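The values are calculated or read from the model by the stated rules, or taken from the named source; none is laboratory data. Predicted model, so just to flag it, every value in this text is computed and none were measured. Every residue, glycine among them, receives a Cβ derived from its backbone with ideal geometry; neighbour counts consider all protein chains shown.
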Amino acid sequence: MTNKLSAALALVLTGVAMVAPGQARAGDQAAGVKIEKPWTRVTPPGAKVAAGFMTITNTGSQADRLVGGSVSLAKRIEVHEMSMKDGVMRMNEVANGIEIAPGATVVLKPGGYHLMFLGLTAAPKQGEPVKGKMKFEKAGEMAVEFTVAPLGAKSIGDGDKMTGGHEKDGMDHGSHHMNHGK
Amino acid sequence: MAARTLLSRIRLALWGLVALAAFVAGALLLGHLQEAARQGASLPGAARFGGDFELVDHNGQAFSSEALKGKPHAIFFGFTHCPDICPTTLFEITKHLEELGPKANGLKVFFVSVDPARDTPEHLKNYLSAFDSRITGLTGTQEQVARAIKAYRVFAEKVPTGDDDYTMNHTAIVYLFDGQGTLASTLSWEEDEKTRLAKLTRLADRG
Ligand SMILES: [Cu+2]
């Protein structure tokens, strides 16, 4: 109970870049993951898929696996890996999830590992974080909130820069706000 | 005696420097040539690339490759159920076209669907409304699309996912053709923005 309360408190206090302890199940003394900067981005109109990204650190003392999860605006999630070779883009579901060694950090980002949001039931909108749950083999389920970056974003930057302010500009103009700062 | 050894050592070191300088100069020249080939002159075997096709544009109108004759254009293949590379490429090209402004008015960009079963003209039109209006979506029957895929030597394959769904693996290179219909260059996902913009600028200038 106190555990849940403090997790909820941490969730509220840290806002977008969330660092919440995984709920260790009985028997797993030291399972734990830290999720940072979960983000997705605006999709073109009518899109049926989106991609989710995040940085995951295994804070436990045993290997864990990201095996799946769910998000509010898609029918389901798959853990995917994208690769480019000889100009060909390939994308596959990662069969047994992404393994994360104790102490290791795995980055899900454009062009590599990503969460595939399949069967979008609503379009991600800037300024409206997307609620989801990530499922780990050992650490169990963890709630996350994906910040929504603009169309075509390649990274989330500092996280909070991307939210608010521009979403009323509409699609054509909203896209100007990103990438030029680099 | 000692002085002589020192002198010969210096001489040896100098020759070593000469050899190194020659090597560096050679490497630089090679790099320059490769870069020139990449940006300027047509690519080897370029004339045989591309070809005739009959497709349907995002307004539902028949679109023949005849319409490309004499016009510089960019063409690439993808699908709207793509989470990453297709929308990103469309977005990047939109940005470049905006940077080029009216200069790029003669430059047409084509996004050919490798997934015509799901990418109807209406769906393409809606999807592309988020991007520059100089980008035209093309789709068609499976046979029409298969023909275009073959002409451009594009790789495309269905990959089943759970729930009876599927995704596609596909060539993600953007082909740039000049007004003579020759493959002038390509854009790739790994290149930096400046390089891509320079290539598109050249294509727009060259007409
Ligand atoms: Cu994917």
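In segment B:149-166, the residues that are more than 12 Å from every other protein chain (Cβ to nearest Cβ) form Cβ pairs under 7 Å with partners that are surrounded by 12 or more Cβ atoms within 10 Å (Cβ to Cβ) and among the β-branched types (V, I, T), at six or more places apart or across chains, as follows: B:I149/B:V114.
The single condition from (1) within 10 Å of chain A (Cβ to nearest Cβ); (2) in contact with a helix residue (DSSP H, G or I) (Cβ under 6 Å, 6 or more places away or on another chain); (3) among the hydroxyl-bearing types (S, T, Y) that B:T182 fails is (1). Being more than 16 Å from the ligand (Cβ to nearest atom), β-branched (V, I, T) and in a loop (DSSP other than H, G, I, E, B), is that true of even one residue in segment A:116-124? Yes. Filtered by the rule that a residue be surrounded by 15 or more Cβ atoms within 10 Å (Cβ to Cβ), away from the ligand (no atom under 16 Å from the Cβ) and over 18 Å from B:K95 (Cα atoms), segment B:157-179 gives B:T171, B:F177, B:D178, B:G179. Going by the conditions given, is A:P38 surrounded by 17 or more Cβ atoms within 10 Å (Cβ to Cβ), at pLDDT 95 or above and more than 14 Å from the ligand (Cβ to nearest atom)? Criteria met by A:P38. Selection within segment A:47-71: residues that are part of a loop (DSSP other than H, G, I, E, B) and more than 14 Å from the ligand (Cβ to nearest atom). The member of this set that is farthest from the other protein chains (Cβ to nearest Cβ) is A:S61. Looking across segment B:58-111, just one residue is of a type in the set (V, I, T), within 12 Å of chain A (Cβ to nearest Cβ) and outside any helix (DSSP H, G or I), and that is B:T80.
Suppose we filter A:R65, A:R90, A:R25 for residues that are more than 27 Å from B:F155 (Cα to Cα) and at pLDDT 95 or above; which single one remains? Explain how you work it out, then say what you get.
Details: A:R90 fails: more than 27 Å from B:F155 (Cα to Cα); A:R25 fails: at pLDDT 95 or above.
Answer to the selection: A:R65.
Checked against (1) within 12 Å of the ligand (Cβ to nearest atom); (2) free of Cβ contacts under 8 Å to residues at least 12 places away in the same chain; (3) more than 8 Å from chain B (Cβ to nearest Cβ), A:K85 meets all criteria but (1). Taking segment A:81-104 as the range and being assigned to a strand (DSSP E or B), closer than 18 Å to B:V114 by Cβ and not hydroxyl-bearing (S, T, Y) as the test, the residues that pass are A:M82, A:M84, A:K85, A:V88, A:M89, A:R90, A:M91, A:N92. In segment B:53-100, the residue that is nearest to the ligand (Cβ to nearest atom) out of those that are among the hydroxyl-bearing types (S, T, Y) and farther than 20 Å from B:A130 by Cα is B:S65. The residue list B:V154, B:V145 contains one member that is buried (at least 20 other Cβ atoms within 10 Å of the Cβ) and part of a loop (DSSP other than H, G, I, E, B), which is B:V154.
The requirement of being more than 23 Å from A:V42 (Cα to Cα), away from chain A (no Cβ under 12 Å) and crowded, with 16+ Cβ neighbours inside 10 Å is satisfied by B:L200. Just wondering, is there one or more residues in segment B:127-142 that are part of a helix (DSSP H, G or I) and either more than 14 Å from every other protein chain (Cβ to nearest Cβ) or within 16 Å of the ligand (Cβ to nearest atom) (or both)? Taking every residue of segment B:127-142 in turn, at least one turns out to be part of a helix (DSSP H, G or I) and either more than 14 Å from every other protein chain (Cβ to nearest Cβ) or within 16 Å of the ligand (Cβ to nearest atom) (or both).
With respect to the conditions (1) more than 14 Å from chain A (Cβ to nearest Cβ); (2) closer than 19 Å to B:A156 by Cα; (3) not aromatic (F, W, Y), B:V114 lacks only one, and its number is (1). Examine segment A:6-18 for a residue that is at pLDDT 90 or above and surrounded by 19 or more Cβ atoms within 10 Å (Cβ to Cβ), and state whether such a residue exists. No, because not a single residue in segment A:6-18 is at pLDDT 90 or above and surrounded by 19 or more Cβ atoms within 10 Å (Cβ to Cβ).
Here A:P129, A:P44, A:P102 are screened, and the one residue that is at pLDDT 95 or above and either within 13 Å of the ligand (Cβ to nearest atom) or facing chain B (nearest Cβ under 9 Å) (or both) is A:P44.
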